Amino acid sequence: MWIRSTMAYRASFLMTTAGNFLGSGLDFVAILLMFSHIESLGGFTLAEVALLYGATSTSLGLADLFLGSMDRIGQRVRDGTFDVLMVRPAPVFAQVAADRFALRRLGRISQGAVVLVLGLAGADVVWTPLNVLLIPVMLVSGAVIFGSVFVVGAAFQFWATEAAEVQNSFTYGGNTLLQYPPTVFAKDLVRGVTFVVPLAFVNWLPALRLLGREDPLHLPGWVGLCGPLVAAAMAALAGLAWRTGIRSYRSTGS
């Protein structure tokens, strides 16, 4: 329904998608300005940083396209409209995910994909069959990890209805963090996004394997291939959190 509504005004759709493309690209413009004064950042060249940027932006864009509406859970709980979703003969999760589905978010995905292709073209990558396969696996796993964080954050809003910004700090904030090399951050922060909230598996660890670089924590090289396993574990955790949140929902009363 939302796609048909969007495509009824195709000129508006094209303009908003282009605006989304250009707006999301401002972060990369800042990186370009930075590299106009330096040759490397934390030992990474512009092409290598573009690889990091493109991978995380594309993954977040995919998660945002399908699950970006999750941050409205708190508002629905506050105003009582979540009850409407509970009585419809359709899965609540699917209804929340489809709510106000914004096809214009394709702009973020395409912008990230363009930068990713440019980064891969300019970076020193040895193109073995495994490395070729690692690219789509990295993007899909990253999207699942970001999507899982969206869902866990949404579930938390059943208890703390004003917690949307907490969720955003791990999704959009995590995306900004992952756009830069792990070597520029303190090791405690790198450990946190590797072992606590495993956002490092979105792009840092797979990209370091692609580039043949050692990560700051000196983990074995096979860890960079664990993205699908981490994504599956995160999805299981998100499913558990969502079901727990649904069971605890008691409506707003009257």
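The values are calculated or read from the model by the stated rules, or taken from the named source; none is laboratory data. What you see is a predicted model, and the numbers here were worked out from it, not measured in a lab. Reconstructed Cβ throughout: ideal geometry from the backbone, glycine too, with neighbour counts over all protein chains shown.
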Seminar exercise, completed: By residue number, the members of the stretch 23-33 that are surrounded by 12 or more Cβ atoms within 10 Å (Cβ to Cβ) and either among the aromatic types (F, W, Y) or assigned to a helix (DSSP H, G or I) (or both) are G23, S24, D27, F28, I31, L32
Seminar exercise, completed: Inside the stretch 221-254, the number of residues satisfying the requirement of being modelled with pLDDT under 90 and not basic (K, R) is 7
For this session: Kindly indicate the residue of the stretch 1-22 that is of a type outside the set (A, V, I, L, M, F, W, C) and surrounded by 13 or more Cβ atoms within 10 Å (Cβ to Cβ) and also farthest from G107 (Cα to Cα) among those meeting that condition.
Result: T6
For this session: Test L67 against the criterion of being in contact with a helix residue (DSSP H, G or I) (Cβ under 7 Å, 6 or more places away or on another chain), closer than 30 Å to L211 by Cα and crowded, with 20+ Cβ neighbours inside 10 Å, and give yes or no.
Result: no
Exercise. In the stretch 34-51, which residues are buried (at least 16 other Cβ atoms within 10 Å of the Cβ) and outside any helix (DSSP H, G or I)?
Worked result: L41, F44, T45
For this session: Look through the stretch 156-165, keep the residues that are assigned to a helix (DSSP H, G or I) and surrounded by 14 or more Cβ atoms within 10 Å (Cβ to Cβ), and return whichever of them is nearest to the chain's Cα centre (by Cα).
Result: A164
Seminar exercise, completed: All-but-one check, G54 against (1) farther than 19 Å from A163 by Cβ; (2) surrounded by fewer than 23 Cβ atoms within 10 Å (Cβ to Cβ), failing number (2)
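So that you can scan it fast, the table gives a plain yes or no per residue for (1) modelled with pLDDT under 95; (2) aliphatic (A, V, I, L, M); (3) part of a helix (DSSP H, G or I); (4) crowded, with 16+ Cβ neighbours inside 10 Å:
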{"residue": "I73", "(1), (2), (3), (4)": "yes, yes, yes, yes"}
{"residue": "F93", "(1), (2), (3), (4)": "yes, no, yes, yes"}
{"residue": "I109", "(1), (2), (3), (4)": "yes, yes, yes, yes"}
{"residue": "D124", "(1), (2), (3), (4)": "yes, no, no, no"}
For this session: Out of the residues in the stretch 182-225 that are in a loop (DSSP other than H, G, I, E, B) and within 17 Å of the chain's Cα centre (by Cα), state the one that is surrounded by the fewest Cβ atoms within 10 Å (Cβ to Cβ).
Result: V197
Seminar exercise, completed: Exactly one of L130, L178 is loosely packed, with under 14 Cβ neighbours inside 10 Å and within 19 Å of V230 (Cα to Cα), and that one is L130
Exercise. If you check R100 against the conditions, is it in a helix (DSSP H, G or I), modelled with pLDDT under 95 and of a type in the set (D, E, K, R)?
Worked result: no
